[in-house]
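Notes follow once the structure below has been shown.
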Amino acid sequence: MTKLSKHFTLEELTRTSVPDGNVLSAEALECLRTVCSSVLEPVREHYGRPVLIHSGYRSAAVNKAVGGSPSSQHMKGEAVDFHVSGHTVYDVAVWISDNLDYDQLILENFVPGIGASGWVHCSFARRNRGNDLTKFRGSKIYYPGIVLSPQG
């Protein structure tokens with residue numbers, strides 16, 4: 001196993017079921033290391049619980065196969081989708097918004113009233129925008145902010 005940081009490995013951040021898998025550049029590898037040190041490790045340290053990775057780096061082929069955005073930061077190694085064992089994705093997203101530097105934070109595929117629904121998408125880039133969004137399951141709309149319902 002290749003360690004990217006104290007608690008995270010290259011294997012878990014590049015795992016895919018798509019044939020031919022993920023081949024990443026040296027630049028994408030460095031971006032993954034930065035995402036680990038700037039986002040995942042602080043989350044792991046704060047909650048003291050496992051951070052479970054849904055998706056990390058995606059090659060262009062993997063991104064296309066899973067229906068990712070053509071401009072997805074996952075293809076640069078700048079983004080990760082995850083949840084924290086034993087905590088709601090909403091609470092984790094709010095904590096990140098209040099405590100970390102990041103480019104984009106999305107409470108994604110969230111179902112109001114179901115704390116274990118969805119995941120947190122967080123990216124870290126050279127110039128972080130601090131952009132917060134929520135996307136509810138079944139909707140194509142991204143609402144501004146980290147919100148519990150489409151009404152805010």
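The values are calculated or read from the model by the stated rules, or taken from the named source; none is laboratory data. Predicted model, so just to flag it, every value in this text is computed and none were measured. Heads up, the Cβs are rebuilt from the backbone with ideal geometry, glycines too, and the neighbour counts pull from every protein chain shown.
Couple of notes before you dig in:
- Note on region 54-65: residues that are surrounded by fewer than 19 Cβ atoms within 10 Å (Cβ to Cβ) and touching a helix residue (DSSP H, G or I) at 6+ places or on another chain (Cβ under 9 Å) total 1.
- Residue among Leu13, Leu32 that alone is touching a residue at least 40 places away in the same chain (Cβ under 8 Å), within 30 Å of Gly113 (Cα to Cα), in contact with a helix residue (DSSP H, G or I) (Cβ under 7 Å, 6 or more places away or on another chain) and part of a helix (DSSP H, G or I): Leu13
- Verdict on Ser37 being surrounded by fewer than 17 Cβ atoms within 10 Å (Cβ to Cβ), at pLDDT 95 or above and farther than 16 Å from Val66 by Cβ: yes
- A count restricted to region 82-114 and to residues that are more than 27 Å from Arg126 (Cβ to Cβ) and either part of a strand (DSSP E or B) or of a type in the set (A, V, I, L, M, F, W, C) (or both) stands at 4.
- Selection within region 135-146 - hydrophobic (A, V, I, L, M, F, W, C) and farther than 9 Å from Pro112 by Cβ: Ile141, Ile146
- Selection from region 115-141 of residues that are surrounded by 15 or more Cβ atoms within 10 Å (Cβ to Cβ) and part of a strand (DSSP E or B): Trp119, Val120, His121, Cys122, Ser123, Asp132, Leu133, Thr134, Lys135, Phe136
- Qualifying residue in region 54-71 (condition: in contact with a Ser or Thr (Cβ under 7 Å, 6 or more places away or on another chain) and part of a helix (DSSP H, G or I)): yes
- Region 35-77: number of residues that are at positive phi and either within 12 Å of the chain's Cα centre (by Cα) or among the hydrophobic types (A, V, I, L, M, F, W, C) (or both): 1
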